[in-house]
1. Somewhere in segment 195-208, is a residue modelled with pLDDT of 95 or more and within 30 Å of Cys325 (Cβ to Cβ)?
2. For the structure I just gave you, tell me whether Val101 is within 16 Å of the ligand (Cβ to nearest atom) and either open to solvent by less than 40 Å² (accessible area, probe 1.4 Å) or at pLDDT below 95 (or both).
3. Quick test for you: out of Phe192, Phe199, Phe171, pick the one residue that is hydrophobic (A, V, I, L, M, F, W, C) and assigned to a loop (DSSP other than H, G, I, E, B).
4. For Pro44, all conditions in the list (1) assigned to a helix (DSSP H, G or I); (2) over 17 Å from Ala298 (Cα atoms); (3) modelled with pLDDT of 95 or more hold save one; what is the number of the exception?
5. Here is a list of conditions, (1) farther than 30 Å from Val328 by Cα; (2) at pLDDT below 95, and Pro111 meets all of them except one; can you say which number that is?
6. Considering only residues that are open to solvent by 60 Å² or more (accessible area, probe 1.4 Å) and without any contact (Cβ under 8 Å) to a residue 24 or more places away in the chain, which ones fall in segment 108-135?
7. Limited to segment 320-351, what total is found for residues that are of a type in the set (Gly, Ala, Ser), within 16 Å of the ligand (Cβ to nearest atom) and assigned to a helix (DSSP H, G or I)?
8. Confirm whether Glu37 is in contact with a Phe, Trp or Tyr (Cβ under 8 Å, 6 or more places away or on another chain) and either open to solvent by less than 10 Å² (accessible area, probe 1.4 Å) or more than 15 Å from the ligand (Cβ to nearest atom) (or both).
Amino acid sequence: MATYRIGVLNGDDIGLEIVPVAVRVLKTALARHPEAEVEWVPLPIGYLSFIEHGKSLLPEVLDTLYTLDGWILGPIGHMAYPKDPQCINPHPILRKKYDLVSNIRPAKAYPGVKCINPQTDLIIVRENNEGFQPDRNMYMGTSDCMPTPDMALSLRVVTRRNSSMAARTAFELARQRGGKKKVTAVHKNTVFKLGCGLFMDSCREVAKEYPDIELESCIVDTFAMRMLMNPVQYDVVVTTNMFGDILSDEAAGLVGGLGMAPGLCVGPDYAMAQATHGSAPDIAGKNIANPFAMIESARMLLDWLAHKKQDEAGMAAAKDIADACMRVLMGDKESLTPDLGGTGSTVGMGEAICAQITEE
Ligand code: ATP
């Protein structure tokens, strides 16, 4: 019997619609595997938390997260937040505070979903907490600054620790997938001789621990072109933060858009399900957001924790969800949201996935 404590933080805009659907799908799958027991812990976050409790990120919430195995975080619409020091963007803080160094972003084509390359099946592991991202790569202050009104500086941070951790996540995934058994490290060490040089050194060091997995390297601009032309040659890709940010959206474009782009942030102690897409305010409240990316992110969380706890029941529940999603995506257009060419709704697509799980 394995027990899990999983937090549920809806986020903003479409998060209020897609996170409850993702939780419902997980609960449906787990009901068939009662040896895996989940305690669900709902927590306020984002704009609603600011309105109801005065802060978008409450200290009590941060304390509670330390007691969990992992959590589901809905998209955050911080761009529309009022300019108030109590209403801050919580997700970079969460990634940093809980040491969620690796952001795992799969790009997988599903039969039935219109996309650029139907053979695509790769994972991008993006270092999450340093690089060019100024809101998380400094102890104090930010690394995006203006010494004079006519000059701006953006500093990039690369450490051996975080590069090695992201690389280790990539090698573990390549081994677990058992596919091409290849990790592609993406860099620009022709220009960033020290920063990308240190990143590549770290990847090569970690590769020594995985003699069964091939390490290849590719310069970022070449990689961006090759991934478009022939994504099938890639298996697991590891790269620094900003390159990974851009390349994972490009990869999402290959397989049908942001609604198909899940993500899982992981570190030594915690994991956080967080889809690649934003809070999509343009379609919020209309029951048309594609819940797949959020469901798949939550499924990845369950699978990750189940592997960590070596819990067969949790792994089986995660597999049931994957199989059910595959069948729904291949099935009737009435069950799919409009971005997938369907006539269905957010809730309807969730119901169809739950129905497939119970029919399995
Ligand atoms: P952020 O910078 O916070 O990641 P963004 O600028 O990338 O956000 P999104 O909120 O992700 O923007 O939305 C980009 C476009 O993709 C919008 O037109 C939005 O409606 C669409 N979109 C995003 N997520 C989904 C989804 N789950 N289902 C359908 N459409 C989506």
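The values are calculated or read from the model by the stated rules, or taken from the named source; none is laboratory data. Quick caveat, the model's predicted, so the values are computed rather than measured. So basically every Cβ, Gly included, is an ideal-geometry build from the backbone, and we count neighbours across all protein chains shown. Ligands, DNA and RNA are stripped out before the accessible areas are found, and what is left, the full protein with its side chains, is counted by its heavy atoms. Shrake-Rupley method; radii C 1.70, N 1.55, O 1.52, S 1.80 Å.
1. So far as segment 195-208 goes, no, none of its residues is modelled with pLDDT of 95 or more and within 30 Å of Cys325 (Cβ to Cβ).
2. Judged against the criteria, Val101 is not a match.
3. That would be Phe192, the only listed residue that is hydrophobic (A, V, I, L, M, F, W, C) and assigned to a loop (DSSP other than H, G, I, E, B).
4. That leaves (1) as the condition not met.
5. (1)
6. Correct list: Pro118 only.
7. 3
8. Considered against the rule, which asks whether it is in contact with a Phe, Trp or Tyr (Cβ under 8 Å, 6 or more places away or on another chain) and either open to solvent by less than 10 Å² (accessible area, probe 1.4 Å) or more than 15 Å from the ligand (Cβ to nearest atom) (or both), Glu37 comes out as yes.
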